[in-house]
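Taking it in order: structure first as structure tokens, then the write-up.
The values are calculated or read from the model by the stated rules, or taken from the named source; none is laboratory data. Keep in mind that this is a model prediction, so the values were computed, not measured. For neighbour counting, all protein chains shown are included, and Cβ atoms are generated from backbone atoms with ideal geometry for every residue, glycine included.
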Amino acid sequence: MTSYPITERTRVKRGHERANYDQEIVHAIIDEAYLCHVGAQMKDRPMVQPTFHWREGNKLYIHGSSKNALFKSLLDGVEACITITHLDGLVMARSSFHHSANYRSVMIFSKAKQIAPPEEKSRLLDLMMKKITPDRFDDIRSANEQELKATTVLEFSLQDVSAKIRTGPPVDDEEDYSLPVWAGVIPTTLEKGKPLDDPRWLDDHGDKSQEIK
């Protein structure tokens, strides 16, 4: 089992028993999520932006407009803090203080590297689309030259990484277990609903919504 190195910066100090540095577990948390939050210091203020992300090996990628102000700060060398979280359940305790959540989260510290060659940028953007819509990838149009120029792809090394995970029932004070109050976990999941057709989808195309996954 391969783990990411534990450093002073990535060591989980509060709730350290929930820390996890195993690469397989970290990668699974990253890959299951569609969105991450990218935080960094801009010139005049801190900024956090949500964005799609995807992974290849020990690299995490995001993309955005070539005019994105946060991206410009990252390309100037400002370090990013990237977070990913899955809410797996609401933990209902017998006291308000011990209510909690079951979750899986990852925190990444890294500096950005811009992907400049158009061929590599196109390949990486295709990987993002295969993550989002693998069953439709062969049917959709890839980015053209103008769209590639308008898009910035950033790469972050997965080196300073830690995961934090909570599972299981509530942990109440011993004297509270006798209270006549229901306690347990309300599971929460992220699910895809039934596809809704684009209003400009022509009737003679037929209903393909059931094919979309």
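Could you check segment 1-21 and list, in sequence order, the residues that are out of contact with any Phe, Trp or Tyr (no Cβ under 8 Å at 6 or more places or on another chain) and exposed (fewer than 14 other Cβ atoms within 10 Å of the Cβ)? Don't jump to the end; show me each part of the working.
Start the filter on segment 1-21 by keeping residues that are out of contact with any Phe, Trp or Tyr (no Cβ under 8 Å at 6 or more places or on another chain), which leaves 1-2, 7-8, 11-20.
Result: 1, 2, 7, 8, 11, 13, 14, 15, 16, 17.
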Given the conditions (1) crowded, with 18+ Cβ neighbours inside 10 Å; (2) of a type outside the set (A, V, I, L, M); (3) in contact with a Leu (Cβ under 7 Å, 6 or more places away or on another chain), every one holds for residue 89 apart from (3)
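Rundown of residues vs (1) charged (D, E, K, R); (2) closer than 24 Å to residue 26 by Cα; (3) at pLDDT 95 or above, yes/no style:
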| position | (1), (2), (3) |
| --- | --- |
| 49 | no, yes, yes |
| 79 | yes, yes, yes |
| 83 | no, yes, yes |
| 88 | yes, yes, yes |
| 105 | no, yes, yes |
| 117 | no, no, no |
| 129 | no, yes, no |
| 147 | yes, no, no |
The condition from (1) surrounded by 14 or more Cβ atoms within 10 Å (Cβ to Cβ); (2) over 19 Å from residue 31 (Cβ atoms); (3) at pLDDT 95 or above; (4) small (Gly, Ala, Ser) that residue 96 misses is numbered (1)
Checked segment 50-92 for anything over 16 Å from residue 157 (Cβ atoms), acidic (Asp, Glu) and in contact with a strand residue (DSSP E or B) (Cβ under 9 Å, 6 or more places away or on another chain); matches are 88
Worksheet item: Can you find even one residue in segment 142-152 that is part of a strand (DSSP E or B), free of Cβ contacts under 8 Å to residues at least 60 places away in the same chain and crowded, with 17+ Cβ neighbours inside 10 Å?
Response: no
Within segment 153-195, residues surrounded by 10 or more Cβ atoms within 10 Å (Cβ to Cβ) and charged (D, E, K, R) come out as 155, 160, 164, 166, 172, 173, 176
With respect to residue 191, is the statement that it is free of Cβ contacts under 8 Å to residues at least 60 places away in the same chain and among the charged types (D, E, K, R) true?
yes
